[in-house]
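Here the structure comes first, spelled out in structure tokens, and everything after it is commentary.
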Amino acid sequence: MTEELKELESRMSDGKTFNVEDAKKFSRLSSFTTVYQEYLGEKSNYEGLVSMANDPEDVDLQAEAKLELEESIPKMDKLASGVTSKLLPPHEFSDRGCILELRPGAGGQEAMIFTQDLLTMYYKYAQVHRWKCEILSQNESTSGGLVDGSLLIDHPGAYDRLRHEAGVHRVQRVPQTEVKGRVHTSTAAVVVLPKIEEGADEGERKFAGDELRIDVMRASGSGGQHVNTTESAVRITHIPTGIVVINQDERSQHKNKAKALMVLRARLAEKERLEKVQKERAERRDQVSSTDRSDKIRTYNFSQNRVTDHRCGLSLHDLSGCMNGESLDQVIDAVEAKETELQSLRLIEDLEHVNK
């Protein structure tokens, strides 16, 4: 693998040609090599600590080694999970940016406020990582919060990192309008779509003349003096699927149309990916429970300062850090580790089925 990595690096650095597939392969191999070297280093450290912990001639050294082992074991587990995930087949669109779409569920105004909180959380998360991000749309409620909103995170790999955020998020807290101090439960739905890049990718999704219906209208909602003065809002309907995308955040009709087309391409790509996954699961009769968007994947309990992800069982007592985007990685890491475990088991089952 090291030799292959060197060969790819040499081929890419000669300056003669640029091959996209070589670049992707180099990225995957170098990423795996980095994680694997870290794992080998920690494994060597672990073995040394075990040897010291079992040394009967130095009691003090034994005690110190046992303390360090308590720190080394979780590191080993995390790195081992990282190595395993790098060995698994890469996820489709794993190198893409992403679009997050958020809508309130049950809970009325509190659900709309929670939707705004989640949009802010993901925006801050992108800022923590210094990823390019842009709020595509915010349809604000007159009573506070969002009727719906969408966020573009334009960074390679953002889709792979955030795809497990798709699902129903639940909040338990006392609303500001609650005079009796009762805890309310509300929900918001998050959809994560791959960003389909302009250029080559757009060429893969060409629309026939009768495939789209494009309507222009005056913008509605909060927006100051420019609302309802020009027909800048754009609504695009994909006739074969019935998917409708509306964008009115920009003053320019051209910009709104471009954003709406980007979101439409993303929704169609995700629809096709999900159909492919469902077909594969049906073919192999996969009985492993999947997390669809009707499941409550995570609970944010404000009174207990707790975030619990129901897929991996992690409870993090740092709700403010999570909502600020700073501690969200801890939750995502735990979910990814669980998903890697499940994916590995599915792969083993498939191999056993083939070998029967």
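Data for the structure
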quantity: Residues of segment 40-60 satisfying the condition of being in a helix (DSSP H, G or I) and modelled with pLDDT under 85; calculated: V59, D60
quantity: Segment 167-198, subset in contact (Cβ under 8 Å) with a residue 60 or more places away in the chain and small (G, A, S), residue surrounded by the most Cβ atoms within 10 Å (Cβ to Cβ); calculated: A188
quantity: Number of the exception - V83 against (1) part of a helix (DSSP H, G or I); (2) modelled with pLDDT of 85 or more; calculated: (2)
quantity: Members of segment 98-145 that are outside any helix (DSSP H, G or I), on the phi < 0 side of the Ramachandran plot and more than 21 Å from the chain's Cα centre (by Cα); calculated: A106, N139, E140, S141, T142, S143
quantity: Residue in segment 152-166 that is in a strand (DSSP E or B), touching a residue at least 24 places away in the same chain (Cβ under 8 Å), touching a strand residue (DSSP E or B) at 6+ places or on another chain (Cβ under 7 Å) and surrounded by 20 or more Cβ atoms within 10 Å (Cβ to Cβ) present; calculated: yes
quantity: Failed criterion for E71 (all others in (1) crowded, with 16+ Cβ neighbours inside 10 Å; (2) modelled with pLDDT under 90; (3) farther than 29 Å from K276 by Cα hold); calculated: (1)
quantity: Enumeration of residues in segment 315-338 that are in a loop (DSSP other than H, G, I, E, B) and either in contact (Cβ under 8 Å) with a residue 24 or more places away in the chain or surrounded by 18 or more Cβ atoms within 10 Å (Cβ to Cβ) (or both); calculated: N324, G325, E326, S327
quantity: Check on D154, farther than 26 Å from C312 by Cβ and in contact with a Cys (Cβ under 8 Å, 6 or more places away or on another chain); calculated: yes
quantity: Leading residue by the ranking (surrounded by the most Cβ atoms within 10 Å (Cβ to Cβ)) among those in segment 241-256 that are modelled with pLDDT under 90 and over 14 Å from E134 (Cβ atoms); calculated: Q248
quantity: Within segment 103-125, tally of residues that are touching a residue at least 40 places away in the same chain (Cβ under 8 Å) and within 24 Å of S252 (Cβ to Cβ); calculated: 1
quantity: Whichever residue in segment 126-144 is among the hydroxyl-bearing types (S, T, Y) and closer than 25 Å to A260 by Cβ and, among such residues, is surrounded by the most Cβ atoms within 10 Å (Cβ to Cβ); calculated: S137
quantity: Yes/no for D55 being surrounded by fewer than 20 Cβ atoms within 10 Å (Cβ to Cβ) and assigned by TED's automatic domain parsing to the domain that holds M323; calculated: no
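The values are calculated or read from the model by the stated rules, or taken from the named source; none is laboratory data. This one's a predicted model, so the numbers in the text were calculated from it and none came from an experiment. Note: ideal-geometry Cβ built from the backbone for every residue, glycine included; neighbour counts use all protein chains shown.
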